[in-house]
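Student: One structure is given below, represented as structure tokens, and several questions about it will come after.
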Amino acid sequence: MTPLLLAFQFLTILPLRAGLKVRDGDLARSMGYYPMVGACIGLLSAGAYFILMRWMGTSAAIVSAIVIPICLSGALHLDGFADFCDGFYAGKNKEEILAIMKDSHSGAMAVVGLFCLLALKLAFLAGIPETFFVDKAGQLRAM
């Protein structure tokens, strides 16, 4: 159980520290649970999407589907992607790329990369036809 809780603790902002006795190798074993943590975040995001699609409309549902995983993960993936963009678009060799990626400041390429990534997520979610989720009577279709 400790590796699962460590996976949630590492990949989310959820405070799951209660009584964990961490042993050597527990963090490494927790990596096997990373897909489960991602699936839980995705299910929460999808659930919010479906609820908001019904009560608030498509725009609120789409934005929530993008924002909820960001909030739950503490923007961990976005930070890594921003570092990647800065390092690989500005660095000339391996040492320079790694030095740029370790820098805590975001450069222009990080900002451009994050904007493009979030814009693509928005466009892809907006491109899903509403009939994919809603039947002819206007009720959400069970997947």
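The values are calculated or read from the model by the stated rules, or taken from the named source; none is laboratory data. Source: prediction; values computed, not measured. Every residue, glycine as well, gets a Cβ built from its backbone with ideal geometry; the counts of neighbours run over all protein chains shown. These accessible areas exclude ligands, DNA and RNA; they are computed on the full protein's heavy atoms, side chains included. Shrake-Rupley method; radii C 1.70, N 1.55, O 1.52, S 1.80 Å.
Student: Scan the chain and note any complete DSSP helix (H) whose C-alpha atoms cover at least 30 Å along its axis and whose Kyte-Doolittle average is -1.0 or more. All intermediate terms of the calculation are to be shown ahead of the outcome.
Tutor: On the way: long enough: 34-55 (32 Å, 1.25).
Helices meeting the criterion: 34-55.
Student: What whole number of Å gives the distance from the Cα centroid of segment 98-132 to the Cα centroid of segment 55-97?
Tutor: Spelled out, the Cα-based centre of one part sits 5 Å from the other.
Student: If R0 is 30 Å, what FRET efficiency do you get for A126 and A75 from their C-beta distance, rounded to 0.05? Please report the intermediate quantities before stating the final value.
Tutor: Details: r = 22 Å, r/R0 = 0.72.
According to the calculation, E is roughly 0.85.
Student: Now for a separate question. State the number of lysine pairs found in the chain whose Cα atoms come within less than 28 Å, restricting to pairs 8 or more positions apart or on distinct chains.
Tutor: Value for the chain: 4.
Student: Shifting gears a bit: Sorted by accessible area with a 1.4 angstrom probe, largest first, how do R23, R29 fall?
Tutor: Solvent-accessible surface, decreasing: R23, R29.
Student: May I ask you to derive the relative contact order of segment 1-135, considering only C-alpha pairs under 8 Å and at least 6 residues apart, and to give it as an integer percent?
Tutor: 19 percent
Student: Modelling each spin label as a point 7 Å along the Cα-to-Cβ direction, I'd like the V67/I51 distance in nm, to one decimal.
Tutor: It works out to 1.4 nm between the two label points.
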